[in-house]
Every structure is written in C-alpha cells, then in structure tokens.
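The structure appears below as structure tokens.
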Amino acid sequence: MVRVDQIKAIETAKEPWDIVIIGGGATGLGAALDGASRGHKTLLLEKSDFAQGTSSKSTKLIHGGVRYLKQGSLRLVFQALKERGILLKNAPHLVHKMSFIIPVYSWWNLLFYGVGLICYDLLAGNKRIESTTILSRKKTQTLLPNLKDDHLVGGIAYWDAQFNDARLAINLARSAVAYGATVINYCSVSSLLKKKGEICGVIAKDHISGKEYKIDAKVVLNATGVFSNHIRQMDQPDIKSNIIPSQGTHIVLDLKFMLGNHAILIPKTSDGRVLFSIPWHDKLLVGTTDYIVDSIDDNPTPFSEEIDYILKIIGDYLKKQPTRKDILSVFSGLRPLVARKNDKTKDISRNHSIAVSQSGLVSITGGKWTTYRKMAEDAIDVVQSVGGIENHRSKTAEIKLDGFDSSITNKNPLHMYGCFSTEISTIDSSTGNSSLGKNFYLSENQILWGIREEMAIRLEDILARRSRCLLQDAKETIKVAPVVAKIMADELGHDQRWVDNELRDFKQAAEKYIMN
C-alpha cells in the first residue's frame, strides 16, 4: 500500500468512481473493503491519518456489550456477538479471546449477574468463546490477588475479545487496496459537487502536495463519525445536527496494579455506568467515561474530573490504589452517538443509523468497532440503491483480513503483523529488531515497514497508530521521538527542518497524553 500509487489512481481516473467514501475510521475503511470486494470502483478519502480520531482510542474490546442486556437491547447484543465471532475467525493476529471477571460482594449480585451472563452465552450460540463460570471467593482471590476482598462473595468469569484498534484499521485499508480500492490519507473533502440538484462527486485537497482534485462519483458515502454534520452541512447548510458527541477517556497504568492476566468488569459504578480494567500491551488499560462535549476534535483533551472518576472507581476495588503520578498515558476519543432529545449517554444504544439526503448523500453514524463490518455492509447496501450501481451481496464475513495468521501468538513481538512478521524481522536496517524504547517495543524495522507498506507519513502516524507507543507510555515516547523522526527523514528524503517541525507538532499532540 504505497501512497504515490493511490494518488496516481485519482489522477488517471477516466470514469466516475462508483463510490467515494469520506472518512478513514472503522466504518469508512470497512465500507471501502465491502464496496471493493463487491466489485465496485471505490475511493476513500481521509483528511488526516487512518483511524486518527475515535477509531484508535477505543477500549480495545470486541464484545457483545454486557451492559446492553440491562437496556433490553438484545438485537444489538446478538448482532455484536455474531460480529465478534467473525472477527475472531478472520483476524486472529489482531483479535484474541480474553477472560473477564466480575467481582461480586453480595449473593444477590452473584445470582443476578450470573444469570445475565448465562443469557449472554446463549445469545452467542455457536460463536460462544467459553462458558461463563461462577468463582468461589478463594478462586477469585487467587486470580485477582490485588483485588480488595472485604465482604467479597466470589466472582463471575465470562469471555469476550480484545483487539488492536489502530492496527485493525490499517489492515482494513490494506485489505481494501488488495481488492482494488483506492485509499488516501491526508486528503480532505472541501466541497460536494452537484448536477441538477444531485451529488455527483467531491472536491478534494491532498495536504501533502497541496494539489486539488475534482473527483466524479456515482454516490458519496459520509462515514466521518463525529464530523458527520460537517459533511452534511456541505450538502444542506441549514441542516440540524443529529450527533451527540460523547467523550470516553482511558488511563494506562503499570500492570503491577492488576497482578494477573484477567480483565475486570465493574458492572455498576456510582453513576450507573460500567468500568473495565484490562491487561493491554503489558500495561493496564482502565476506562471508560461518558461525557457529552460541545467541541469536536480528533485529539480531545481529557477532563480532570474524568481522571478523578476513573481513579476513584478502580481504587475502590484494588488493594494497591493508583494515583495520578502512576498514569503512564491518558487518552480520549469522541463517540458519535445518535440519540433522542434528553437521552443520557449511558442509556443511548450503540445502534447505527443510515440517512439519505434529497441530493443523494448517504451518511452513516453511530455504532461501535465490534459492529463495523455489519455497519459497512448495511451502508454499501444503501449506496448501491442510491447510486444505481450494480447490486452485489457483501462478502466480508468470509474475507480473511490482511496479515491473517492463525498460528502466531503474542509471544512474538511482531504478532500484530501476522504473516508479515517474518518479512518485517528480516528488513535490512542499522538497528533491526532491537527496541528503541524501554517501556514498549518499537523497532527500526517496524518504522520502515510503516512507511513503505502502510502509508505512514508523519511522526505521530508511527508513534500513535502504526505502533501504540504514545498510548502505552507518553513520556517515554517523547524521549524516543527524535530517533524515530531521524529514521523517517532518512527513509522519506526529508531534511532537518522537517524533523524539527515534526518533533514540535508531535510534542504538542503528546502533551495531551501526559498526566500532569
């Protein structure tokens, strides 16, 4: 996946594109793969980097959504569990099963949550990972040695899945290209083209070269998440917003605070939400929050009260309680929720919504990573109808994603690259596979692969999304940034001025991940 080849595809296009997709997050990339694999000439345009926004800042879970059972959203849970099974099958190098334990402090809750999770297993059907089990007090203490055990009755162990969100996004982009799609990062849409009142294309600007392109299309799909209304207003300037942006914040701690390999689900916090504490990249990921915000940003700033909230809730359950100084990194993302007036964010279903404007703009909003494939399938079904393009059925449920390797394990530091791990490890470079960081794994070979094969252009692309260093340990990442910038400059043919500018911009972005 080489960017110059992707740009050449739009410069040499002689016929209109069947589908132009705006937005390179989970839904947009999923739609690009879905559309291309159905045989449609598909183009995706992303204004920044792939998955730069919300799609790289999730809780890293592929799950049915235990809390949605309480809301009565059985259809959503059933669909999500089905999609969980598809992802475990099609991307085993990126998605793996994980055990979760709910610590229980009353016999009633043991019965209540036990019955609920047995129903969860039943909804999964033949895609159930493993059966829910009731744990004794002693067994729970053994599995979670840092858990407070005053009044502890026992625990409930159930199974869901964990994944690497930004890496899955890159693999979707590469898979889409393998099926004939064109995907371009750092290329924004500035306006929509219309003919006789119907959308017939877009004007796009490449932020790397500065060139502007007039791109003809049979149909345009708006898959920009929380930025959806920006595109809808290009079509209808007076349109009202249908998005409630909800901020979700996570903190990353040393794994010593968990002292085990099992995730914890706290099923009911003081404000009626849930909280996860999850082993992740040899760290502990804790979150999330649910705060309605007014401003929209790819890289939102965590609120101080969110940090206090997470620390208090997790601290109530652990013998060794973390403080602000223990936080290695903190990050926030914005969920594009579609809700009725006066809904509380914790009560809003994560169902997705598809709307078609009078001029034919198709917009998809809502949803979550787990159901990205189904969202993309539904969107392309509508796109085919609106654009008058040939009607083909979706194939993505059976497509093995880029890098597919069912035998690789996380003992291999390059496991997230799947079948490409050997190729990456044998790249000829000065430092090879040696890690550049002390508190995370990042090698020169990974950096070169990210540039050559994954369209990494900026320093943040490598440190936040092709790798997850920034989210693992922000301060340590800032320390290694100069070395990474020099490697990138040498590979890309940039001068010292580029290095200085990238370091300045990266440090400014990384400051939001540091807990002061």
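Every number in this text was worked out from the coordinates using simple rules, so none of it is lab data. Remember, it's a predicted structure, so these values are computed and weren't measured experimentally. All Cβ positions, glycine included, derive from the backbone under ideal geometry; neighbour counts span all protein chains shown.
For the residue pairs Lys368/Lys438; Lys60/Lys438; Lys57/Lys400; Lys138/Lys312; Lys57/Lys507; Lys60/Lys319, the C-alpha atoms sit more than 28 angstrom apart in Lys368/Lys438. Highest mean packing first, where packing is the average number of other Cβ atoms within 10 Å per residue, the peptides 268-275, 250-257, 442-449, 485-492 line up as 442-449, 250-257, 485-492, 268-275.
Computed over neighbours whose Cβ is under 12 Å from that of Thr431, the net charge equals -1, Lys and Arg +1, Asp and Glu -1.
Placing unit charges on the Cβ atoms of the charged side chains and taking the dipole of the chain about its Cα centre, the candidate lying farthest along the positive direction among Thr289, Gly403, Asn229 is Thr289. Annotation: amide H-H contacts under 5 Å for Cys187 (H modelled 1.01 Å from N, sequence separation of 5 or more, or interchain): Glu46, Lys47, Ser48, His207. Modelled label positions at Lys438 and Leu74, each set 7 Å beyond Cα in the direction of Cβ, lie 5.5 nm from each other. Go ahead and run the numbers for FRET between Glu198 and Lys395, Cβ-Cβ distance against an R0 of 25 Å, rounding to 0.05. It comes to 0.30.
To the nearest 0.05, how large is the calculated FRET efficiency for Ile292 and Thr323 if R₀ is 45 Å and r is the Cβ-Cβ distance?
With a Förster radius of 45 Å, E is 0.95.
Rg ratio for segment 415-513: its Cα radius of gyration over 2.2 N^0.38 Å, N being its residue count, equals 1.00.
Seen from Ser394, the other residues with C-beta closer than 13 Å to its C-beta sum to a net charge of -1, counting Lys and Arg as +1 and Asp and Glu as -1.
Charge dipole (Cα centre; +1 on Lys/Arg Cβ, -1 on Asp/Glu Cβ; no other charges) of segment 415-513 amounts to roughly 400 debye. Distance from the alpha carbon centroid of segment 107-159 to that of segment 1-48 works out to 44 angstrom. Please work out the FRET efficiency for the pair Lys268 and Ile354, using the Cβ-Cβ distance as r and a Förster radius of 41 Å; give the result to the nearest 0.05. Calculated value: 0.80. The mean sequence distance of close C-alpha pairs (under 8 Å, at least 6 residues apart), as a share of the length of segment 415-513, puts its relative contact order at 22 percent.
Compute the projected area of the convex hull of the Cα atoms of the chain, averaged over all viewing directions, and report it in nm² to one decimal place. Averaged projected hull area, Cα only: 23.1 nm².
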